[in-house]
Amino acid sequence: MDSGTLFNLVTIAYFISMVAFFAYLAARSKSVSMVATLSAFVGLVLHTTALGMRWYESYQILGADGRAPLTNLYESVVFFTWSIVLIYLLMDLKYKQPSIGAFVMPFALFGQIGAQMWLNAGIDPLVPALQSNWLTYHVITCFLGYAAFAMACGVSIMYLIKIGKEEKFEGDPSEMPGVLGLFPPTRVMDDINYRAIMIGFPMLTLGIITGAAWANYAWGTYWSWDPKETWSLIVWFIYAAFIHARFTRGWVGRRAAWLSIIGFAATLFCYLGVNLVLSGLHSYGGS
Amino acid sequence: MSEKNTSFTDQIWDFFCSLKLTIIIMLLLAITSIIGTVLQQNAPAAEYIQEYGQANYDLFVKLQFIDMYHSWWFIGLLGLFSVNLICCSIKNFPRVWKFVKEPQLVASPGILKNSANRAEYSVKEDAAQISRRLGDLLKKDFGKLTETEVDGKLYLFGQKGIYSRFGAYMTHLSILIVMAGAIIGNIFGYKAYVNVVEGTSTSQVWSRNGQVPIDLGFTVRCDNFDVSYYPNSRRPKDYNSDLVVLENGQEVLRKRIEVNDPLTYKGITFYQSSYGSAGNPFFKVRVTENATGKVMDLNARQREQIKLPGGYSFLISNFTQNDRQFGPAMQLQINTPDGKRGRPFAVWKKFPEFDIKRGGTFSFALIDYEEPQFTGLQVAKDPGVEIVWLGCFLMVFGSLTAFFFSHKRIWVCLETEGNKTKVQIAANAHRNQPGFSLAFDDLKQKLDATIENKSPVKEG
Ligand code: HEM
């Protein structure tokens with residue numbers, strides 16, 4: 001079996017997981033949510049294996065020039081989806097709120113499908129500029145950060161869906177009818193939003209710093225205001241504003257949720273939009 | 001008059017200390033930064049005029065959008081950001097410092113009554129004994145307890161993680177340090193480039209903006225330049241230059257640099273960035289005089305007339321790296337003694353015997369050629385870069401401290417009431433209150449078990 005086949009299995013596992021999470025919202029059955037979480041977990045294990053295998057395959061194809069699978073757009077998307085599921089499952093250990101899965105797994109599944117369908121999965125040798133350990137650190141930290149922001153965004157969307165209805169609902173919110181009753185209490189969602197950003201923000205900070213260190217090694221400038229760098233700074237400012245607004249001005253609830261969604265939209269633009277819409281240094285190798 | 005003055009300065013001070021301002025500046029920086037990612041920066045004027053028209057271009061110039069990250073308003077925004085940061089820190093720091101200098105050893109009645117996390121017991125034991133036992137129990141979570149006696153009551157106080165209060169200040173300081181490093185680099189450093197032809201040296205480089213020459217103060221020689229390709233591919237794997245640093249003609253440093261592995265000497269760093277052909281290749285040509293079998297090895301450059309015996313001469317009129325799959329080939333022309341120029345013909349390096357078949361007076365073979373290349377070096381001097389890295393380190397360290405650790409405090413008041421001792425406990429954390437509440441509930445169970453083997457009088 002090669003990593004390509006394994007990645008297909010991963011996509012299937014995430015698909016099953018997402019469908020099961022939706023089914024859970026409809027059926028309210030605990031065993032369905034177990035199936036959903038379990039398939040996400042199985043998917044993550046397969047995914048980890050597939051990443052390792054692709055790493056190994058790169059040595060078979062390129063000999064001594066093999067490298068960690070973190071160098072082109074395909075590999076970055078596949079690593080991004082891995083990070084999303086990892087962060088989700090870690091958060092799930094703590095909060096045990098399976099309804100969140102229905103809002104986070106779609107990000108992972110769409111990323112996975114997009115990568116399989118549209119992106120070039122070939123293992124190509126690296127141009128000299130990309131041959132640096134900093135690249136590995138840079139990609140890992142950035143995408144763990146992005147994944148945490150994805151999680152925060154998913155929870156914020158749920159929050160905004162629920163809060164309006166909850167305010168109109170008379171009685172105990174945990175007894176709200178329909179899907180909303182399954183959503184975590186709004187207070188908990190607000191907390192998860194904030195905690196996910198607390199993880200994502202230092203990761204993004206590290207991502208920007210490792211990127212700067214790499215640029216300094218390769219070109220002698222740690223910051224040149226190219227569009228990718230600038231957008232990562234924009235994202236950083238948005239989340240820094242989020243943190244300060246929360247710590248010091250008590251921005252919680254709706255405003256925090258909106259800021260988190262805007263932050264993730266900016267994150268996605270930084271990741272994909274800059275490459276597709278704007279031009280710059282980061283062209284992700286040959287893809 | 002003077003009172004009005006102070007209130008005015010107070011207003012300014014409050015404005016600069018305001019956190020609303022902080023959030024507004026952060027969002028403004030985020031929004032304005034977008035301009036420079038949409039509008040190409042530092043392109044020639046003609047490009048803007050062609051794409052946006054003259055009127056828009058004039059507007060861009062007026063608003064300094066062409067180089068917006070160095071515009072007065074963007075720099076101004078960054079300046080305001082720093083002033084805001086400094087003022088906020090000056091205003092809030094004394095409050096934090098007080099936690100260190102004057103820890104609140106004695107709990108106020110308010111703390112004991114209103115804390116979210118508290119417990120109360122009544123125990124048949126004397127205060128000293130309870131204090132000892134509490135000291136053992138709480139040591140792990142709150143460090144060594146400090147005892148204070150006031151009005152016949154024994155107060156205990158313990159805390160852990162006070163350093164986390166400084167996390168935010170460290171983070172803020174780190175931002176100023178990064179900015180200071182960037183400013184130092186901009187003022188005392190430069191970004192330049194230079195192209196060095198193999199075998200030559202230079203002691204000057206060219207500034208990247210403005211193309212003014214900069215003296216290095218030493219000499220750099222490039223002995224050799226190589227590109228290596230991946231097997232069966234035109235994709236370059238590495239570019240390498242063998243660089244030698246010379247001071248007063250003496251070799252002081254030698255390094256083979258490649259992309260991602262530069263050479264640094266006296267604070268100036270040379271980065272491999274590009275390469276290219278440096279003009280005329282140099283050929284080794286073997287000429288055989290067919291009549292006599294005499295063999296001559298000659299050196300030639302393109303378009304250079306080379307004399308041959310008997311009044312003949314030849315020149316290399318053209319050269320290609322790859323002629324129809326046959327590899328490198330040169331094109332020759334022979335001049336006869338009466339000055340007539342002959343028809344051009346090709347000689348392939350791969351087939352040294354082939355030219356004999358042409359049946360001329362001389363036959364030619366291309367033994368070897370060398371195409372001199374130049375190595376393109378980015379040159380940077382940045383005395384601020386270490387300061388920037390220091391700032392970055394502090395930023396990560398400081399924000400992790402601020403986010404993930406909290407200052408936890410506990411107060412105990414022991415009051416003798418007849419033959420019993422009333423025990424009041426209150427605790428708080430400056431961050432992550434829900435998590436701390438859970439931990440405190442655990443602690444309370446332990447307290448229940450240790451202090452009171454019986455049930456507690458009142459739950460907190
Ligand atoms: C103009 C810029 C800034 C100003 C004026 C500012 C001001 C403040 C203030 C007054 C606090 C509350 C401190 C306290 O609770 O004792 C704070 C908290 C914090 N700031 Fe900033 N800040 C700025 C920029 C930043 C940036 C860019 C970061 C990014 C890493 C940052 C990270 C933090 C952290 C981690 C905290 C939480 C600390 C805490 O509440 O204990 N700050 N900031």
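The values are calculated or read from the model by the stated rules, or taken from the named source; none is laboratory data. These numbers were taken from a predicted model, which means no experiment stands behind them. Quick reminder, even Gly has a Cβ in these numbers, built from the backbone with ideal geometry, and neighbours come from all protein chains shown.
(1) touching a Ser or Thr at 6+ places or on another chain (Cβ under 7 Å); (2) of a type in the set (F, W, Y); (3) under 30 Å from B:G36 (Cα atoms): which one isn't true of B:Y69, the others all being true?
(1)
Restricting to region B:230-260, name every residue that is assigned to a strand (DSSP E or B), more than 10 Å from chain A (Cβ to nearest Cβ) and polar (S, T, N, Q).
Residues satisfying the conditions are B:S241, B:Q250.
Looking at region A:217-234 only, could you name the residues that are part of a helix (DSSP H, G or I) and either away from the ligand (no atom under 15 Å from the Cβ) or at the interface with chain B (Cβ under 8 Å from one of its Cβ atoms) (or both)?
A:Y217, A:A218, A:W219, A:P227, A:K228, A:E229, A:T230, A:W231, A:L233, A:I234
Any residue at all in region A:115-125 that is farther than 25 Å from A:G211 by Cα, touching a Phe, Trp or Tyr at 6+ places or on another chain (Cβ under 8 Å) and surrounded by fewer than 20 Cβ atoms within 10 Å (Cβ to Cβ)?
Yes: one or more hits.
Going through A:A108, A:A148 one at a time, which residue ends up being within 14 Å of chain B (Cβ to nearest Cβ) and modelled with pLDDT of 90 or more?
Among A:A108, A:A148, only A:A148 is within 14 Å of chain B (Cβ to nearest Cβ) and modelled with pLDDT of 90 or more.
Counting only residues that are touching a helix residue (DSSP H, G or I) at 6+ places or on another chain (Cβ under 9 Å) and crowded, with 20+ Cβ neighbours inside 10 Å, which one in region B:251-268 is modelled with the lowest pLDDT?
B:N260
Find the residue count for region A:51-97, including only residues that are within 13 Å of another protein chain (Cβ to nearest Cβ), modelled with pLDDT of 85 or more and touching a Ser or Thr at 6+ places or on another chain (Cβ under 9 Å).
Adding up the residues that qualify gives 0.
Counting only residues that are more than 14 Å from every other protein chain (Cβ to nearest Cβ) and assigned to a helix (DSSP H, G or I), how many does region B:1-50 have?
Number of matching residues: 20.
So A:K168 passes all but one of these: (1) in contact with a helix residue (DSSP H, G or I) (Cβ under 9 Å, 6 or more places away or on another chain); (2) free of Cβ contacts under 8 Å to residues at least 24 places away in the same chain. Which condition number does it fail?
(1)
Among the residues in region B:145-161, are any in the same structural domain as B:I425 (by TED's automatic domain parsing), in contact with a helix residue (DSSP H, G or I) (Cβ under 9 Å, 6 or more places away or on another chain), modelled with pLDDT of 90 or more and of a type in the set (F, W, Y)?
yes
Within region A:235-281, which residues are outside any helix (DSSP H, G or I) and within 16 Å of the ligand (Cβ to nearest atom)?
A:G250, A:W251, A:V252
Identify the residue in region A:193-207 that is within 11 Å of the ligand (Cβ to nearest atom) and of a type outside the set (S, T, N, Q) and, among all such residues, is surrounded by the most Cβ atoms within 10 Å (Cβ to Cβ).
By that ranking, first place goes to A:L204.
Kindly state which strands (runs of 3 or more DSSP E) lie completely within region B:325-389 and contain at least 1 residues that are in contact with a Lys or Arg (Cβ under 9 Å, 6 or more places away or on another chain) and of a type in the set (S, T, N, Q).
B:329-335, B:362-370, B:373-381
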